[in-house]
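Student: Take this structure first; my questions come after.
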Amino acid sequence: MSEQHGSRTAPFYPIPPRRIVSVEHPAIVKNVDKAIDTLQGNTGISKMLNPPKADTPAYLYLRPEDAMSRPIQSTSLPSNNILLKVTVPRRTGRKRKRGSDEPFTGVPVSTLGPEFQPRRSARELLRSLRDNAGKYQIEPVGLVNRTHVFRGMPDFVFSSTGSSFANRFREHILPFDYEKMKQFNLDMAKGMSSNVDIIPPPSFSQGDIPFTYAYRQNQAVRQSIDASGNITTVNTQKPTKVLTHLVSYDVPEVPSKPNENTPPLETQDATLRETVAIIRELFEKRPAWTRRGLRNNLRTIEQRYALRLAIPYVGYIMRSGPWRDAIIKFGHDPRSSPDYRPYQTVMFRILPREADVARDGYAGRRHAVPRLNDPAATDPSSDLKTDTHIFTGQLPLPLDGRMWMFCDITDPLLRSIVFPAEEALGFIRETCDTVSDGWYGSGTLAKLKLIMRHKILGLIEERIPDDQDFSRILSFPDYATPENVNTAFTLDASVVSNKELTMATEIRAMIKGTPSWRESNQGQQEQDATAKRGKGAAGRRVQWRDTAGEDESEGEEEAIEKQEILEAAVDEAIEAATAGGDDDRNDDLGESDGGEDIEESRPRRKSASRR
C-alpha cells in the first residue's frame, strides 16, 4: 500500500476465479457452527453452492434440533459483489496511554486459548482500521454472484415436546429408517378415549410477507376531557342510539312508559323538547299515528329531524300485525277494543319512477326537507308538505311513503268498505285477530287492499280509475271461510269482464295468503293438495308459487303474478262456460297474495298459455 500512495491511478487487484455465495443470516451469529446447522449443515451449504436452478431458495431452521419445525425460505437474488479480505496488525491485547512511551500493561491475547479470545465486533474492527491507516492489507477473495436474503416472517411455533404421538413420530418416521418405521404403530381401539393427543398442523400461517395495514386515526375521533378530568377520545360521528320500544303483535302487555335508559327530557335540547310537546298534543287528538303523519304536523325542518329522537318519549311502535309500523301512545293497546280499528295500517310495495321513495318513515330525514339541488327550494321551511299521509284517491299521488292508516284514507269508495254508513250485524269481529286482520273480516280487508292497489296503479300512471269497475267486487262478503272462499268470492265468467275475473282471483289469493288463514287452515290445505296430486297433473292447469313464510307481503313479483293470474282467469272462464257450475277447485293449491305488490309498468302477457 505504501508504494502506491504516489500513483495517480487506483491500484488494480486480480480477482481469483472462485465462486462465492453470500448468505445474509437473519440472526446475530455468535457461533458459526450453530449458524451453519440452521442452514442444514454441509448438505444445505452444498445445495446453495450447486443449486439445480439459479433461483433455488435456501432453507433456514431456527430450531434445527426439531425435525418438525417449519423452515424460513430465502430469496435467491443475483448479485455482482466482491468479497475482500482485509488484514490488520495483530491485536496484542495490552494497553497503554495513547501518545506516551509508558510500558504496556495487561495480558497478551496470544497467550490465551482460542476459546477465551473474544469475537471482535464490527465497531472494534472499524476502530482498528482507523488506528492502522496505511498498515492493513486488502486481498480480493472472489466474486459474489448470488446472495440469499431472508425477508419473510417465520411461522408460529407450537411446542410438541409434550405430545406422545409427535415424539413417537419424530423418533420412528422422521429418521427415514425402515427398521424404525416398522416399529411405529397407531392405537386402533374403538370408542371414545380421554386425554386425546391433539396434533398440531404442519403450518399455521400460509403467508410470510407482512401486511401493510397503514393504521391511521379516524378523522372523526377527537380528544376531550371527561367529567373527572381525564383525557379521553370521542367519536364525533357516532350515531345517536334511539331507545324506542319495538313490540310484536303478540306481546302480552304494551309499554306504558319510556325505556329506563332514555335520557331525561329536561337534559335534551330545546328543539327536541318542542317536538315532544307537539307530538303529545297530537296524541291527545288520536292515540296512534304513522311516522309520516307526525312528520307532516311538524312545522320546521329541525323538528322533523328530531322526530326519531322524540318518539321514545311519547309512544311505542308495533313491528307486526294489523297495526304494523304504527306509533301508538303509551298505555294504549289497540287489541283491546274495536275503537282502535281506524288505526290499522295497510302497506304496499311501490316501484316508482324515482328512487327516492322509501317505506313510510324508513329513512327518517330523506323526506323531511326538499332536495338541496331543487332550484325552487329557496326556503325549505316554506315548502314542507303537510298532507302526504292522507290518501285521497286523486292526483297527484304522494310518493314519500307506502303505508296508510285507515283513518287517513279519504277516498269515498275505500272509506265505505271499512267505515260503512250502516254496519251489518257481525261486521266487526268480537275478538281481535292479532296476526293479520285486526277487528275486520278477511273479506273486508281483501276488498280494501285490492281496490286501493288498483287505484295506486292508476295514479302512478297518472289516471284515476272508475269506481264502477269495482262494483261487483264490493258485493263479496266480509268474511271468508274454507267453505265459501271458492264460491262466494267467484264471479260468473259469462257475464263479467276478464278484468273482473282477474280481480276475483286476486281476492281469493289475498285471503288465502294471510298468516291467520294459513295457520287456521293448514291441515285442510295439506289434505286438498294431497288429493289433487292423486288426480294427476292433467287436473291442474295453473302452477301457483308458494310464498309461505313471507311476512311483509304474501304476493309474488308482479311480472310472474300478473301472467299467472291472467292465465288462471282465462282457464276459469273456459271451465265456467263449458261446465257451468265449476266450484273453482284449483284455487286451493298454493295461491299467493298478490294484492299488496305494485309496480309502475306491468309486463305483457305471452301469447302462448302455460299448461
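The values are calculated or read from the model by the stated rules, or taken from the named source; none is laboratory data. Every value quoted in this text rests on a predicted model; they were computed, and no experiment measured them. Glycine gets a Cβ as well: all are built from the backbone with ideal geometry, and neighbour counts include every protein chain shown. We work out accessible area using only protein heavy atoms, side chains counted, and drop any ligands, DNA or RNA first. Shrake-Rupley method; radii C 1.70, N 1.55, O 1.52, S 1.80 Å.
Student: Between Ile225 and Glu519, what's the calculated FRET efficiency when r is the beta-carbon distance and R0 is 45 Å? Round to 0.05.
Tutor: Once the sixth-power term is evaluated, E becomes 0.20.
Student: So, with a 1.4 angstrom probe, what is the percent of accessible area on segment 385-527 that is carbon and sulfur?
Tutor: 50
Student: If you roll a 1.4 angstrom probe over the protein chains with everything in place, what fraction of the accessible area of segment 240-336 belongs to carbon and sulfur, to the nearest %?
Tutor: Answer for segment 240-336: carbon and sulfur cover 48 percent of the accessible area.
Student: Just list whichever of Lys34/Lys97; Lys385/Lys449; Lys449/Lys499; Lys385/Lys512; Lys34/Lys85 have alpha carbons separated by over 28 Å in the model shown.
Tutor: Lys34/Lys97; Lys385/Lys512
Student: Just the accessible area per residue of segment 385-527, please: how many Å² with a 1.4 Å probe?
Tutor: Result: 42 Å² per residue.
Student: Quick check: net charge around Pro64, other residues with Cβ under 10 Å of its Cβ, Lys/Arg +1 and Asp/Glu -1?
Tutor: -1
Student: With N set to the number of residues, divide the alpha-carbon radius of gyration of segment 385-527 by 2.2 N^0.38 Å and report two decimals.
Tutor: In units of the globular-protein estimate, segment 385-527 measures up at 1.10.
Student: Same structure, new question: What ranking, highest mean first, results for peptides 208-220, 142-154 when packing means the other Cβ atoms within 10 Å averaged over each residue?
Tutor: Going by the mean number of other Cβ atoms within 10 Å, highest first, we get 142-154, 208-220.
Student: So for each of 125-132, 17-24 I average, over its residues, the number of other beta carbons within 10 Å; can you give me the resulting order with the highest mean first?
Tutor: So the order, starting with the most tightly packed, is 17-24, 125-132.
Student: Can you compute the equivalent ellipsoid semi-axes for segment 240-336, i.e. the square root of 5 times each eigenvalue of the Cα gyration tensor, sorted largest first and rounded to whole Å?
Tutor: Calculated on Cα positions only, the semi-axes equal 22, 15, 11 Å.
Student: I'd like the GluC sites (Glu not before Pro) in segment 221-310 restricted to DSSP loop residues with at most 12 other Cβ atoms within 10 Å, sorted by number.
Tutor: For GluC sites (Glu not before Pro) across segment 221-310 that sit outside H, G, I, E and B with at most 12 neighbouring Cβ atoms in 10 Å, the list reads Glu253, Glu260.
Student: Right, another one. Quickly rank 171-181, 472-482 as a protection proxy: mean count of other C-beta atoms within 10 Å, highest first.
Tutor: So the order, starting with the most tightly packed, is 472-482, 171-181.
Student: Also, quick follow-up: Along segment 236-251, what does the Karplus equation 6.51 cos²θ - 1.76 cosθ + 1.60 (θ = phi - 60°) give for ³J(HN,Hα), rounded to whole Hz, x for Gly and Pro?
Tutor: Taking θ as phi minus 60°, the curve returns 6, 9, 5, x, 6, 7, 9, 9, 7, 6, 10, 10, 8, 5, 9, 5 Hz for segment 236-251.
Student: Whole number in Å², please: accessible area per residue of segment 240-336, 1.4 Å probe, ligands, DNA and RNA not counted.
Tutor: 48
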